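The values are calculated or read from the model by the stated rules, or taken from the named source; none is laboratory data. Keep in mind the model is a prediction, meaning the values are calculated, not measured. Neighbour counts are summed over all protein chains in view; Cβ atoms, including those assigned to glycine, are modelled from backbone coordinates with ideal geometry. We work out accessible area using only protein heavy atoms, side chains counted, and drop any ligands, DNA or RNA first. Shrake-Rupley method; radii C 1.70, N 1.55, O 1.52, S 1.80 Å.
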Amino acid sequence: MEVLITGGTGYIGSHTVVEFQQAGYDVVVVDNLENSQADVIDHIEKITGTRPHFEIGDIRDKQALNNIFEMYPEIKHVVHFAAYKAVGESVQQPLKYYENNIGGTINLLEILQERHIQNFVFSSSCTVYGEVDKLPVTEDTPVVKAMSPYGNTKKICEEVLYDQSKISNLKVVSLRYFNPVGAHDSGLIGELPVGIPNNLAPFITQTAIGKRQSLTVFGNDYPTPDGTCVRDYIHVVDLAKAHVKAIQFLMHGKYHDHFNVFNIGTGRGNSVLEVIESFEKVSGQKLNYKIGPRREGDVVQIYSACEKATNILGWKAERDLDNCMESAWKWERHLKDLSKS
Ligand code: NAD
Ligand code: UFG
């Protein structure tokens, strides 16, 4: 029951560590702390009452990874989050993204092959679908040319995993996340964006708390009900639970193929204005925002069909948009309290 979680001190990784621990797994975290902080481990311990094993290390360093597998010979499953994720930065520095996201994954897979470790869950993204004609998006929707080097790393990693699963005992679940938002109910872990956030939810909460002056809504002339873009916002705790279900699915051998993809979303689309409205409702605060021009590269609307995950993994999103915004707001206030102390 020992699971290695790469990138386990990051945003989605930390919530996933909690869910695995609460499901009775022994968790080993490896993270190089490039985009997260070591005290996340303390906060996880506060939530679950158990401290996960934590090794600071880089997945591109094969020796370091091998040492971790030597130290924890019971590791049977790997959940792989460690990667860079900033779309804009990936356009400016594509090699950085290809080297870490693809190079790191290949490194890990080589070690898994040597050590006969079979169960692997990968963090993919709905970005692999690009701009779609038909909604909601099912897993049969064709994967298209990626819109950014970051998106391309997800597409290429899925192909690498598919090819490797064909010639080895590797069994893969690739989870295509829609838009992860929110934070743990405890307010102890959440997203820690570095610098000015690119994503909507942290920009909203940072504006409300006074770190940013005003939110710009990127375009209100799209062909959507209120003119703003539509996304499928999935609560990070629901998302984290999907990883536990994915490992259980691989453990119990109910799969036909060694490579399986699942959409992980709510099945609902919400516009930017609806997200703002939800935030204002749950926080009781008016948000300072203005309408600005469209952001280059934004898809107009996308939301998931998640029946496959429900029918095969036994997973379904349980939380709604209000819950996402409420927990994100609680987390932002927690960060403010921390900065004062
Ligand atoms: P995050 O940056 O909070 O977490 C990633 C963690 O990986 C960080 O703690 C970072 O320090 C670590 N890391 C990066 N490179 C590493 C390396 N070479 N060795 C060891 N550790 C390394 O990001 P997140 O939002 O938690 O995303 C986790 C995964 O989910 C990523 O693969 C990301 O691409 C994917 N994903 C995220 C989103 C999203 O909107 N957050 C959407 C779709 C997919
Ligand atoms: N938005 C604004 N103002 C902002 C930030 C965002 O109006 O300041 C809008 C965007 O235009 C978009 C929506 O809010 O319509 C959501 O934008 P995000 O940046 O939060 O999310 P994206 O859908 O653009 O992208 C996210 C991740 C990517 C990932 C993708 C699919 O950032 O890494 O989801 O998983 F690839």
### Message
Contact order normalised by length for the chain, with contacts defined as Cα pairs under 8 Å and 6 or more residues apart; what percent is it?
### Response
19 percent
### Query
What is the mean projected area of the alpha carbon convex hull for region 192-341, to one decimal in square nanometres?
11.0 nm²
### Query
For the chain, what value does the Rg/Rh ratio take when both radii are computed over Cα atoms and Rh is the Kirkwood radius, given to two decimals?
0.95
#### Entry: In range of the label at residue 23: residues from region 230-262 whose backbone nitrogen is under 16 Å from the point 7 Å along Cα→Cβ
236-255, 260-262
#### Entry: nm² value of the averaged projected area, convex hull over the Cα atoms of region 47-125
6.6 nm²
### Task
Report the charge-dipole magnitude of region 38-155 in Debye, nearest 20, computed about the Cα centre from +1 at each Lys and Arg Cβ and -1 at each Asp and Glu Cβ.
220 debye
### Message
From the phi angles alone, apply the Karplus equation (6.51, -1.76, 1.60; θ = phi - 60°) to region 223-228 and give each ³J(HN,Hα) in whole Hz, x where the residue is Gly or Pro.
### Response
x, 10, x, 10, x, 9
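For region 1-101, what does the relative contact order come out to in percent, with C-alpha contacts under 8 Å and a separation of six or more?
33 percent
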### Message
Along each principal axis of its Cα atoms, how long is region 136-246 end to end? Whole angstroms, biggest number first, please.
### Response
54, 38, 25
### Query
Dividing the Cα radius of gyration by the Kirkwood radius, what Rg/Rh value follows for region 1-52?
0.92
### Candidates 196, 234, 102, ranked by Gaussian network fluctuation over the chain, Cα under 10 Å, top entry
196
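Can you flag which of 154/290; 155/290; 171/308; 76/96; 46/336 are past 27 Å Cα-Cα?
Among 154/290; 155/290; 171/308; 76/96; 46/336, the Cα-Cα distance tops 27 Å for 154/290; 155/290; 76/96.
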### Summary
The rounded separation in angstrom of the Cα centers of region 266-341 and region 122-197 is 18 Å
### Task
Please figure out what share of the DSSP beta bridges in region 136-281 is antiparallel and state it in percent, rounded to the nearest 5.
20 percent
### Message
Using DSSP H assignments, which helices in the chain have an axial alpha-carbon span of 15 Å or above and a mean Kyte-Doolittle hydropathy of -1.0 or higher?
### Response
11-22, 104-115, 149-167, 236-251, 272-283
### Query
Expressed as a whole percentage, what fraction of the accessible surface of region 100-149 belongs to carbon and sulfur atoms when a 1.4 Å probe is rolled over the protein heavy atoms?
52 percent
